[in-house]
Every structure is written in C-alpha cells, then in structure tokens.
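Contents: one structure, followed by commentary.
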Amino acid sequence: MGVALALAVGCGSCGEGERVQGPHPYVRCARASGFEGSLTVGGVTVEGEGAVVHVRGMRRWDAFVATEGAALAVGELESALPWMILGGLREAAPARALLEAAGERLVFVLPGGDDDLEMLDELLGEHERWVDLRGVRELRLDHGTFVVLPGAPDGRYALGDDRCGWGQEDLEALATAGEAPAPRWWLSWAAPRGVGPYAPDRGFGGVHVGDGRLAELGEAQGIAGGLFAWPETQAGVVSRAGGARPVADEAAPDLAVVVPRAGGVVERADHSRLPSGVVRIEVDAEGLRAAFRPL
C-alpha cells in the first residue's frame with residue numbers, strides 16, 4: 001500500500017467572504033479549494049485537481065452518517081473497504097474515535113448541515129487518507145460520476161450559523177456537470193425534491209421535503225439518483241423509478257439511497273425504526289447497487 005502526498009483544503013480557509021447572511025446563515029463549503037494531490041490506498045487511487053477528483057479502482061465502499069457511537073459500531077465491519085461519511089461529525093471526541101477506528105482505510109468526508117467545520121479542519125489535517133470533499137464538484141469513478149454538493153440548502157436544517165450550506169450560485173457552478181462521464185449521480189447531503197411514493201425525500205406525513213432546485217438541475221444535467229443523508233426518514237430504503245426495496249439485488253442507473261446512521265437508530269417516515277448500520281455501495285457498468293448492513 002503506497003501513499004503519496006495529499007492536501008485537503010477545508011472551509012476553515014474559505015474566508016468571511018464565503019459566509020452567507022440571511023434567515024439561516026451558513027458557510028459556502030462548495031466554494032472551498034477542493035482536493036489537490038494524489039494518494040493510493042488498498043489498490044484505490046485518488047487524484048485531485050481541485051474541483052474534479054478521479055478515483056480509480058473503487059467499486060465497493062460503505063456509506064453512513066456519523067454519530068457519537070459510530071466508532072464502536074463500525075468496528076463490527078468485517079472488511080477494510082473505503083468509507084464515505086455523509087455528515088454527523090459534530091463533536092471532537094467521537095470524531096477522533098472514528099478516525100482511530102478507520103485505521104488505514106481510505107475515507108471520503110462530505111460535510112452536511114450538522115458538522116463542526118473548525119473541528120473537521122483540524123481532524124482532516126491530521127490524516128492523509130481522509131479526503132475532504134468540500135470544494136469538490138465531481139468525483140469521477142471508473143463507471144460513472146458523482147456530482148458533489150455539501151451542506152444544507154440555503155442553510156436550512158443546519159445546526160448553526162457556522163455549518164455548511166449552499167445556495168443558487170453554488171448550483172449554477174455545477175452547470176458543467178453534463179460534461180462529466182455518465183452515468184451521473186448526486187453525492188449530496190440533502191436529497192432533491194422527488195415524486196411518487198418511493199422518493200428519497202419523503203418525510204413524515206408523506207410530505208416531500210427535498211429541494212426542487214436539485215431536482216431541476218438533475219433533470220437538466222442527466223443526474224439521476226445518488227447518495228444522500230437528509231431527510232433521514234428514508235434511511236436504508238433503496239429507491240428508483242418504479243419502486244423500492246430494502247436491498248437492491250440489481251444495479252440501476254437511477255438508484256437513490258439515503259444512508260443510515262452508524263451507531264444510531266432512525267425513525268423513518270412510515271414510523272418503522274432502522275437500526276444502526278451502513279449501506280454497502282457497489283458501482284459497475286450497470287449502475288449503482290446498495291445493500292443495508294446492520295451493525
């Protein structure tokens with residue numbers, strides 16, 4: 001296993017100009033410098049060019065939202081697959097425990113509306129195998145592209161004024177996503193507004209709580225499905241056009257998954273309770289495949 005020098009620049013250096021005031025102030029994490037450099041971990045190579053990051057050799061990984069008990073929970077994972085953490089890094093002690101639990105793994109971090117950015121900057125600066133996705137617009141894999149958008153829409157649903165958010169200007173910066181290799185999926189903390197009974201944004205009472213602008217941009221740019229952390233009311237449900245199932249047994253180009261909490265229980269829109277777990281993601285020429293794994 002070889003590791004080359006990697007530099008992840010977080011929003012700790014975005015400057016006051018990247019702070020947005022209003023009803024829900026937030027930090028424009030999408031305006032960070034992105035990922036520069038390269039590293040190779042366990043046969044997976046990551047090469048960053050700022051806003052575009054190429055990932056070669058990664059076909060399976062575990063995705064989850066972090067909690068205070070995440071480090072203990074993920075210790076039950078039997079594999080050394082890469083991790084993709086979609087938010088939840090709120091406090092230093094649990095985050096540091098998770099870093100230690102990761103060991104030599106490759107880890108991608110997409111901050112949402114609940115991450116402590118100052119703590120996250122310090123944490124990421126200590127480990128070269130953790131890839132900060134703030135400022136990254138495209139994560140290009142061997143069989144498709146994730147269009148990346150950290151933070152809460154317009155700062156709504158964020159835990160404070162110093163958390164990640166995004167606005168219309170950040171969406172406009174993604175207007176070139178159509179140039180990225182297809183198929184294209186979202187890698188976004190917040191899900192787009194959906195339609196039908198199996199949409200990934202359906203909350204309590206059947207209300208769609210996702211963002212309509214994401215849905216519009218996705219349709220215009222050919223972005224279908226993806227990985228999300230919010231709303232957690234659809235956690236662990238694999239959705240696609242025409243239906244949903246707890247475990248996807250076939251890869252699909254439009255598959256959408258809201259990832260579960262590792263170390264925490266989620267109450268879903270149908271009032272069922274999803275235990276602690278991760279979603280194991282596989283990507284091949286047929287699309288995305290996902291399966292919930294309890295911990």
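The values are calculated or read from the model by the stated rules, or taken from the named source; none is laboratory data. Remember, it's a predicted structure, so these values are computed and weren't measured experimentally. Note that we place each Cβ from the backbone using ideal geometry, even for glycine, and neighbour counts take in every protein chain shown. With ligands, DNA and RNA removed, areas are computed over all heavy atoms of the protein, side chains included. Shrake-Rupley method; radii C 1.70, N 1.55, O 1.52, S 1.80 Å.
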Worksheet item: If you take just the strands (runs of 3 or more DSSP E) that sit entirely in the stretch 111-156, which of them hold at least 3 residues that are open to solvent by less than 20 Å² (accessible area, probe 1.4 Å) and without any contact (Cβ under 8 Å) to a residue 12 or more places away in the chain?
Response: none
Item to complete: Among residues belonging to the stretch 38-65 that are open to solvent by 10 Å² or more (accessible area, probe 1.4 Å) and not in a strand (DSSP E or B), point out the one that is farthest from Ala102 (Cα to Cα).
Response: Ala51
Item to complete: Name every residue in the stretch 217-228 that is open to solvent by 10 Å² or more (accessible area, probe 1.4 Å) and farther than 18 Å from Glu179 by Cβ, in order of residue number.
Response: Gly225
Discussion item. With the requirement that a residue be touching a Phe, Trp or Tyr at 6+ places or on another chain (Cβ under 9 Å) and open to solvent by 10 Å² or more (accessible area, probe 1.4 Å), what does the stretch 66-75 give you?
Written reply: Ala73
Worksheet entry | Complete set of residues in the stretch 241-257 that are at pLDDT 55 or above, in a loop (DSSP other than H, G, I, E, B) and open to solvent by less than 10 Å² (accessible area, probe 1.4 Å) | Leu255
Item to complete: Restricting attention to the stretch 170-184, report how many residues are outside any loop (DSSP other than H, G, I, E, B) and farther than 17 Å from Ala252 by Cβ.
Response: 6
Worksheet item: Take the residues of the stretch 203-216 that are out of contact with any helix residue (DSSP H, G or I) (no Cβ under 6 Å at 6 or more places or on another chain) and not in a helix (DSSP H, G or I): which is most open to solvent (accessible area, probe 1.4 Å)?
Response: Val207
Discussion item. With the structure loaded, tell me whether Leu187 is open to solvent by 30 Å² or more (accessible area, probe 1.4 Å), aliphatic (A, V, I, L, M), outside any helix (DSSP H, G or I) and under 27 Å from Leu120 (Cβ atoms) or whether it fails that test.
Written reply: no
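In the stretch 170-179, how many are touching a residue at least 60 places away in the same chain (Cβ under 8 Å) and either in contact with a strand residue (DSSP E or B) (Cβ under 6 Å, 6 or more places away or on another chain) or not small (Gly, Ala, Ser) (or both)? Outline the logic, then answer.
Of all residues in the stretch 170-179, those touching a residue at least 60 places away in the same chain (Cβ under 8 Å) come to 170, 173.
When the remaining residues are screened for being either in contact with a strand residue (DSSP E or B) (Cβ under 6 Å, 6 or more places away or on another chain) or not small (Gly, Ala, Ser) (or both), the result is 170.
The total comes to 1.
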Fill in: Within the stretch 157-184, considering residues that are farther than 23 Å from Pro25 by Cβ and either open to solvent by 50 Å² or more (accessible area, probe 1.4 Å) or not aliphatic (A, V, I, L, M) (or both), the one nearest to the chain's Cα centre (by Cα)
Arg184
Worksheet item: If Val238 passes every condition in (1) modelled with pLDDT of 90 or more; (2) under 21 Å from Arg60 (Cα atoms) but one, which one does it miss?
Response: (1)
Worksheet, complete the sentence: Taking the stretch 19-37 and keeping only residues that are outside any helix (DSSP H, G or I) and crowded, with 18+ Cβ neighbours inside 10 Å, one is left with Val20, His24, Tyr26, Val27, Arg28, Ala32, Ser33, Gly34, Phe35
Practice prompt. Report, by residue number, each residue of the stretch 157-169 that is free of Cβ contacts under 8 Å to residues at least 60 places away in the same chain and in a loop (DSSP other than H, G, I, E, B).
Written response: Gly160
